[in-house]
Amino acid sequence: MKIKSLDELIKMREASVKKVNLRETGENAGETIELMVGMATCGIAAGARETLQSLMETIQTNGLDNIKLIQVGCLGFCHSEPTVQLNMPNQEPVLYGNVDKDTAKKIVEDHVMNGKLVDNHILIKSFDKA
Amino acid sequence: MNKVRSHIMVCGGTGCIASESDVIIKNLNDALKKQGYDEEIDVIKTGCFGFCGQGPIVKVHPDNVFYVKVKPDDCDEIVAEHIVKGRVVERLLFDEPITEEKVKEHSRMNFYKKQYRIALRNCGLINPEDITEYIAFQGYEALGKALTDMKPQDVIQLLTDSNLRGRGGGGFPLGRKWGMAANNASDKKYIICNADEGDPGAFMDRSILEGDPHSVLEAMAIGGYAIGADEGIIYIRAEYPLAIKRLEIAIKQAQEYGLLGDNIFGTDFSFNVRLKLGAGAFVCGEETALIHSVEGSRGEPSIKPPYPAAEGLNGKPTIVNNVETYANVPAIMLKGAEWFNSIGTATSKGTKVFALAGNVNNVGLVEVPMGTTLREIIYDIGGGIVGGKAFKAVQTGGPSGGVITVADLDTPIDYESLKGIGSMMGSGGMIVMDETDCMVNIAKFYLEFTQDESCGKCTPCRIGTKRMYEILDRICSGEGEAEDLHKLRELGEMIKGSSLCGLGQTAPNPVLSTMEYFMNEYEAHIFDKKCLTGTCKALAKYSINDNCIGCTACVKVCPTKCITGKVKEKHVIDQDACIACGACYDVCKFNAVVKP
């Protein structure tokens with residue numbers, strides 16, 4: 001495909017950026033939203049991979065680009081797996097439990113996008129753990 | 001739906017490939033497949049991260065975890081632990097040398113903290129074999145902007161205002177050079193990229209070409225537009241096979257996308273780039289010698305003027321710039337002259353890439369703003385001297401530069417300040433030496449290099465450097481005479497003053513500068529027949545002191561059987577038969593062998 005104008009190049013860039021936006025260079029760390037999914041043995045057994053995939057799909061469908069979706073080890077709430085912790089900049093982290101794929105979708109659409117907490121799934125709100 | 005949620009970046013620079021990063025990529029892919037994660041995790045081969053001493057480097061996005069010294073056998077564990085279970089593999093994290101802390105994120109490492117990356121901006125971030133990744137990080141936008149919104153003279157004005165100077169050594173202002181070539185009317189002009197990196201220890205140009213080849217192609221096209229050239233040539237040494245391969249891929253992709261070739265961005269500007277492989281002669285880094293080599297003649301310099309900007313390749317106006325210089329151009333075009341001027345010192349703007357090597361903990365490529373002090377580079381970024389030894393000197397500018405001692409560690413580095421303390425910027429090689437390095441031997445090493453690389457066209461360089469090398473060799477083998485010091489100085493000044501090109505004009509610098517700062521070592525070699533550090537084997541005299549308990553360990557390892565003594569009694573070394581190999585010193589557990 002030949003690029004014939006600056007506009008075409010910009011379009012090309014926008015299409016390509018999706019492929020690389022996982023790689024933030026560390027300069028704007030601290031301003032991005034972090035979603036951490038507990039992916040220890042218990043989490044995986046309880047379906048954390050499905051949760052993770054649902055989170056990712058929802059993020060992509062809504063075109064959000066300032067979210068880091070990270071898998072982490074055991075968060076210590078094995079009774080309520082899968083667990084998802086949401087770190088919004090300058091806010092206390094919120095830990096959600098029993099997050100199936102529908103709840104995962106709600107976390108992104110209600111909490112991340114609209115600031116509304118997802119009831120019945122909050123394990124801990126406000127605690128000193130990054 | 002794109003299911004990829006994580007990128008594993010594996011360094012694909014020459015250094016890391018030499019430590020099997022190719023196998024690591026294969027093993028990671030195999031492990032991902034085995035675990036069923038190959039669709040959601042991408043393994044990407046990227047350019048040099050610069051932290052070569054800790055290679056191979058593997059970085060995981062988006063968690064931003066930086067693994068060092070990864071071995072092919074570690075891949076299963078990285079996938080099983082990090083990718084499947086989200087647990088960081090602690091043992092592969094970087095150990096900060098001074099604080100002895102494990103550091104997970106590269107942005108928190110001292111090695112990266114003080115760096116500012118312009119020329120290396122995409123190295124380690126993109127896949128250099130995929131043009132769309134370069135485009136994703138604003139690649140070719142500077143060229144598009146220049147071609148559609150700017151006149152050639154605007155481009156030159158912007159680069160003149162930015163005060164970008166040549167990064168290959170001389171530091172000539174780029175805008176002025178381009179302006180001269182633009183003003184010389186001709187039916188044909190050329191843009192040449194000097195990728196004939198030859199300083200011992202310098203590898204920044206190779207890393208840029210391997211990690212971000214498009215940035216150089218884009219800058220050359222901008223140069224072509226600015227001066228009115230339609231042909232670009234990259235003169236690269238055949239010893240850089242990976243850089244050549246990546247450049248060939250990059251040129252092909254840029255042509256496919258219409259970013260090189262005819263009517264770029266739909267304008268009537270056409271530009272093509274081809275490679276010219278050199279045989280790796282140091283003198284071909286000199287621009288006139290380089291041009292002769294491109295023409296197919298012997299790589300020998302000729303007298304300037306005429307400068308290449310007036311009469312260069314095939315007698316036509318030609319611009320020769322170095323790789324790192326070009327890599328800066330697209331960034332300046334996009335961010336503006338003011339931004340570039342905000343970085344650096346009064347006379348030197350922007351950043352400089354240094355290849356940090358020698359006896360320093362964090363060996364690698366570092367890019368720092370001009371004006372950073374040597375102390376910051378060696379101690380903060382470099383993590384100090386290996387084994388906690390004392391710093392002795394640092395050689396900048398490769399075989400053309402000189403040594404800088406502890407007295408000048410706090411000098412902010414720029415073109416002028418380095419010249420002021422008797423060294424030079426050069427291409428940015430930085431070799432750190434500690435208390436165990438013999439400075440006479442170092443000077444000899446550089447002279448051996450330059451006399452070997454002298455093209456032989458002019459007498460002072462051809463014969464003069466050879467004679468200097470012979471004198472140094474004599475001093476190191478214990479046959480130096482008092483008069484040698486005077487001869488070295490006289491020869492050095494003469495070669496500097498009468499050589500045709502930069503190679504000869506700077507070749508005596510390592511000798512003259514070590515003579516200035518470390519005269520005591522020269523005198524020790526000549527008058528006391530002693531090498532203070534024990535480096536010069538011919539002068540080394542090992543002996544055994546009273547710590548000896550007669551364990552006979554040294555007797556067993558001595559290759560010349562020159563150590564004698566009874567068990568449980570003090571041993572003696574026969575100085576005449578000793579070849580000073582140091583084996584006894586290494587094996588002794590009682591500090592009884594005295595190193596000279």
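Since every read-out is calculated from the coordinates, none of them should be taken as a lab result. Computed from a predicted model, the values in this text were never measured in an experiment. Note: ideal-geometry Cβ built from the backbone for every residue, glycine included; neighbour counts use all protein chains shown.
The table below lists the values:
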| quantity | calculated |
| --- | --- |
| Gained length - B:Arg108 relative to B:Arg467, 0.36 nm times residue gap less alpha-carbon distance | 124.2 nm |
| Gained length - B:Val4 relative to B:Cys551, 0.36 nm times residue gap less alpha-carbon distance | 190.6 nm |
| For chain B: Kirkwood Rh in Å [reciprocal of mean 1/r, alpha carbons] | 26.1 Å |
| Charge dipole (debye, nearest 20) of the range A:1-123; +1 at Cβ of Lys and Arg, -1 at Cβ of Asp and Glu | 520 debye |
| Per-residue Cβ neighbour rank within 10 angstrom, fewest leading, B:Glu367, B:Glu470, B:Glu141 | B:Glu470, B:Glu141, B:Glu367 |
| Calculated on alpha-carbon atoms, Rg and Dmax of the range B:286-341 in Å | 14.6, 43 |
| Tilt relative to chain A, helix A:6-20 - C-alpha long axis, 0 to 90 degrees, to 10 | 30 degrees |
| Pairwise FRET efficiency - B:Arg489 versus B:Lys566, Cβ, R0 = 56 Å, nearest 0.05 | 0.60 |
| Kirkwood Rh and Cα Rg combined as Rg over Rh, evaluated for the range B:541-594 | 0.89 |
| Length-normalised contact order of chain B in % [C-alpha pairs under 8 Å, at least 6 apart] | 11 percent |
| Angle between chain B longest axis and helix B:323-335 axis [Cα atoms, degrees, rounded to 10] | 50 degrees |
| Mean projected area (nm²) of the alpha-carbon convex hull when the range B:6-107 is viewed from all directions | 5.8 nm² |
| Cross-link table A:Lys11/B:Lys252; A:Lys18/B:Lys45; B:Lys69/B:Lys276; A:Lys2/B:Lys33; B:Lys316/B:Lys496; A:Lys68/B:Lys252, entries beyond 25 Å C-alpha to C-alpha | B:Lys69/B:Lys276; A:Lys2/B:Lys33; B:Lys316/B:Lys496; A:Lys68/B:Lys252 |
| Sequence of A:Ser16, B:Ser498 once ranked by neighbouring C-beta atoms within 10 Å, starting from the fewest | B:Ser498, A:Ser16 |
| Two-site label geometry, B:Val594 and B:Glu81: point separation in nm, points 7 Å out along Cα→Cβ | 4.9 nm |
| Alpha-carbon Rg/Rh ratio, for the protein assembly as shown, with Rh computed the Kirkwood way | 1.03 |
| Gyration tensor verdict on the range B:131-340 (Cα atoms; rounded if a/c is under 1.5, prolate if a/b is larger than b/c, oblate otherwise) | rounded |
| Order of B:Met439, B:Met468 under a 10 Å beta carbon neighbour criterion, fewest first | B:Met468, B:Met439 |
| Shape call, the range B:439-527: gyration tensor on alpha carbons, a/c limit 1.5 | prolate |
| Acute angle (nearest 10 degrees) that the helix A:48-61 long axis makes with the longest principal axis of chain A, alpha-carbon atoms | 40 degrees |
| Spherically averaged projected area in nm², based on the convex hull that wraps the Cα atoms of the range B:351-434 | 4.4 nm² |
| Percent RCO, i.e. relative contact order, over the range B:223-316, from Cα pairs under 8 Å lying at least 6 residues apart | 24 percent |
| Square roots of 5 times each gyration tensor eigenvalue, C-alpha, the range A:30-125, largest first, Å | 19, 14, 12 |
| Extension gain, B:Glu90 back to B:Leu242 (0.36 nm per residue minus Cα-Cα distance, nm) | 51.5 nm |
